[in-house]
Amino acid sequence: MVSVGSKSLPLRRHRTSEEDSLMGERGKSSNNNHSDRKKGMFRKDQRGGRGFDGDGNKRNQSGGAPDVKPASKKQSEFEHQNQFVRKEIDPETSKYFSEIANLFDSNEVDLEERSVICGNALEETRGREYEISTDYIISHVLQTLLEGCELDQLCSFIRNSAEVFPAIAMDRSGSHVAESALKALATHLENPDAYSVIEEALNSIGQVIVDKPLDMLCNCYSSHVLRRLLCLCKGVSLDSPELYGTKSSKALAKRLNLKTSQLDESNLEIPHQGFPDVLKYLLSGLLSCSREDMKYLQVDQYSSLVLQTALRLMVKLDEELHEIIPLILGCNSSNKKKEGFHIDTKVAKEILESMKDNSFSHLVEVILEVAPENLYNEIFNKVFKNSLFKLSVDRCANFVIQALISHAKDQEQMGLIWEELAPRVKDLLEQGKSGVVASLIAASQRLQCHEHKCCEALVGAVCSTNESRISIVPRLLFLDSYFGYQDKSTWEWAPGAKMHVMGSLILQGIFKFSSDHIQPYITSLTSMKAEYIIETAKDSSGARVIEAFLASNAATKQKRRLIIKLRGHFGELSLHTSGSFTVEKCFDACNLTLREAIATELLDVRVDLSKAKQGPYLLRKLDIDGYASRPEQWKSRQESKQSTYNEFCSAFGSNKSNFPKNTFVSDASEDASQELEVKNTRKEVDHHPTSGIKRHREEHARDKDEPFASEKRAKQRKNKTSEATDKPKLAGSKRPFLSGEMTGKNRHSNKLRI
């Protein structure tokens, strides 16, 4: 110990010759005085290990028991070959690292002193990296040292431990040390001068890994370390949703065309240049195994995750994918000089059979997601064609079919898929494979083909020929309940039951079609009893269906018919997290009279609403405070927004637009009780031209200059061309690209794999 100021810092400790002669298994020695260690020094024993995600072991929507395979004979052989004889940690070494831990816990060490301690302690591990890294107690201290040391000290530790790095990574405690070292390296990527030193360290461990890649690929601990290593070489983080392997709500929305953003989210954000040469070397070594070994890697849950990560890292790099995908699928005989690759009949049958395996099905999903078009076409034609329904009803393979449909390239492929699956829509729903049906609907909408046939096929699956179509929406909302009912003709609404997530997603997809195709669905929804509409709006899944209908290009009269059934319940709905979104959509889709009714109901619950999760936003969006203080000015602002929207549509609107029709145009054909009110107010717009907080600011700015606002607008109207003031064209105008939707707002998203 040496005194620095008022503290004593541990210096480098010299080993004795007796310490190196101590052999034995690692144990929880009573000599280790660590019973008083802080709680944070112990990591939780997570189920399933660090090497796979929860979604990798079960198929949530398919039912059935998780497909968790026991350790195979081959995996046991890998682990047996890599059992190192551990040298027991001597008491003096344990005490040394314990003192360092206690010193760091005291928070009395400044950065300069911490760096000195870390360097000395890491030097102490030289030649014993494996024993110290795999000790359950000391490994925690080692992680702290790696995170706080200088780059040269970190790279020195990695180079010194390169020979035993795979063994460290395959250990329960050592895997955390290996990950900490890689994470620490990532923090230095912003320094261009550090690249050569880091690359040398990565090369040192890469050469050892590729010598026996199967060892790390098939281990639950080292596979996760390997994934992080690949990401580090690419310059990205393993913790990003695109790479972590979980099916997030964003991925689900993308698959079913439900995302609001038109940005391509398949692009990985690469903050650093990475180490492409090291990455290519690692991938080449990992995939340079025999065809027999690759067949095992395809179905192993840990190696499958590593291969999935490697594929996602290569997204849109067609040249690399043309080499990697054939190797993973076992098509080593491909002729690289020709375009694409060829799948032999024998290999195609093997792939088809392996598709029913949980791990391999996940892997094929990623392959279909990232495959260049010519590879996708070959896989589609040689493997999937004429086998779609058989795979669609399998517990695991149905997810692959969903991915296949979601990434169909053109209408011709969609036609082939449609021919096989359209006659079996009812069978798919009866067997609980509604995710395949939802993917069919989404792909039809995306590629703009078979839209009418798709709607009719779904009607035929839910309603028999001699039945009225009026019940199609309730049956889809309670999909499992309906198809599980013995006498379907006597099925009735199930009050209080949870609505079906996939049934809701199917209806959301349906309401994206043109109103000409979905009249049976519109009629069914608007004909539901008021109490059923209210119950649907209160359900998180059902509320999304109502919102999708209100955002569709259905007629204004049909939308208003549904909104009227919710009168008297808007205050109650606004207090629900999901219901608040529905109230906002209703407000956007109704005329001034109904808007005022909604504002009145929300004013009654304003105090409670201000405490709710989405309440402050809703109060601000609908300007309830403004309505409470100055109702006439509030009405004037609503009319002003309508006028601005009409002018915008006149100037920029297009009949070719994909936006829904303006739902706030004249509704004189509606009931006579509202006709006079409509004539006395300006026509309301479907969606405001500005969004959320921005529009709120504009309203307040307009309030401050209210006397001049009307004059300014009058001058602007005089400068408009005759085309811009052509009011009769408003009835056919579309929603502009500016929208008042809450993009980015979170709500009760169902993070289920479909």
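The values are calculated or read from the model by the stated rules, or taken from the named source; none is laboratory data. Note that the coordinates shown come from a computational prediction; the quantities given were computed from them, not determined experimentally. So basically every Cβ, Gly included, is an ideal-geometry build from the backbone, and we count neighbours across all protein chains shown. When the accessible area is computed, the model is the full protein with side chains, heavy atoms only, and any ligands, DNA or RNA have been set aside. Shrake-Rupley method; radii C 1.70, N 1.55, O 1.52, S 1.80 Å.
Details
- In this entry, LEU458 passes the filter for residues that are in a helix (DSSP H, G or I) and in contact (Cβ under 8 Å) with a residue 40 or more places away in the chain.
- For CYS449, the conditions (1) more than 24 Å from LYS559 (Cβ to Cβ); (2) in contact (Cβ under 8 Å) with a residue 24 or more places away in the chain; (3) assigned to a helix (DSSP H, G or I) are fulfilled apart from (3).
- Selected residue [under 16 Å from GLY496 (Cα atoms), crowded, with 18+ Cβ neighbours inside 10 Å and modelled with pLDDT of 95 or more] from ILE546, ILE533, ILE510, ILE522: ILE533
- The residues listed here are VAL678, VAL685; of these, the one that is at pLDDT below 50, over 23 Å from SER514 (Cα atoms), open to solvent by less than 30 Å² (accessible area, probe 1.4 Å) and among the hydrophobic types (A, V, I, L, M, F, W, C) is VAL678.
- ASP588 meets each of the listed conditions (1) out of contact with any His (no Cβ under 6 Å at 6 or more places or on another chain); (2) of a type outside the set (A, V, I, L, M, F, W, C); (3) under 21 Å from ARG560 (Cβ atoms); (4) buried (at least 21 other Cβ atoms within 10 Å of the Cβ) apart from (1).
- Scan of region 417-439 for residues that are basic (Lys, Arg), part of a helix (DSSP H, G or I) and closer than 23 Å to ILE379 by Cα, ordered by number: ARG424
- When ALA178 is tested against (1) in a loop (DSSP other than H, G, I, E, B); (2) surrounded by 17 or more Cβ atoms within 10 Å (Cβ to Cβ), just one condition goes unmet, and that condition is (1).
- Any hit, region 564-578, residues being part of a loop (DSSP other than H, G, I, E, B), of a type outside the set (Lys, Arg) and open to solvent by less than 10 Å² (accessible area, probe 1.4 Å): yes
- 3 or more residues open to solvent by 30 Å² or more (accessible area, probe 1.4 Å) and either within 16 Å of HIS176 (Cα to Cα) or at pLDDT below 80 (or both): qualifying helices (runs of 4 or more DSSP H) within region 214-262: 241-244, 249-255
- Test result for LEU428, within 14 Å of SER444 (Cα to Cα) and either aromatic (Phe, Trp, Tyr) or crowded, with 18+ Cβ neighbours inside 10 Å (or both): no
- Residue ID - surrounded by the fewest Cβ atoms within 10 Å (Cβ to Cβ), chosen from residues in region 607-653 that are β-branched (Val, Ile, Thr) and in contact (Cβ under 8 Å) with a residue 24 or more places away in the chain: THR644
- Candidate set from region 393-413 (those that are open to solvent by 10 Å² or more (accessible area, probe 1.4 Å) and assigned to a loop (DSSP other than H, G, I, E, B)); member that is nearest to ALA253 (Cα to Cα): HIS407
- Looking across region 359-386, the residues that are more than 19 Å from SER406 (Cβ to Cβ) and surrounded by fewer than 21 Cβ atoms within 10 Å (Cβ to Cβ) come down to LYS382, ASN386.
- Among the residues of region 181-199, those that are under 14 Å from LEU229 (Cα atoms), in a helix (DSSP H, G or I) and open to solvent by less than 30 Å² (accessible area, probe 1.4 Å) comprise ALA181, LEU182, ALA184, LEU185, ILE198.
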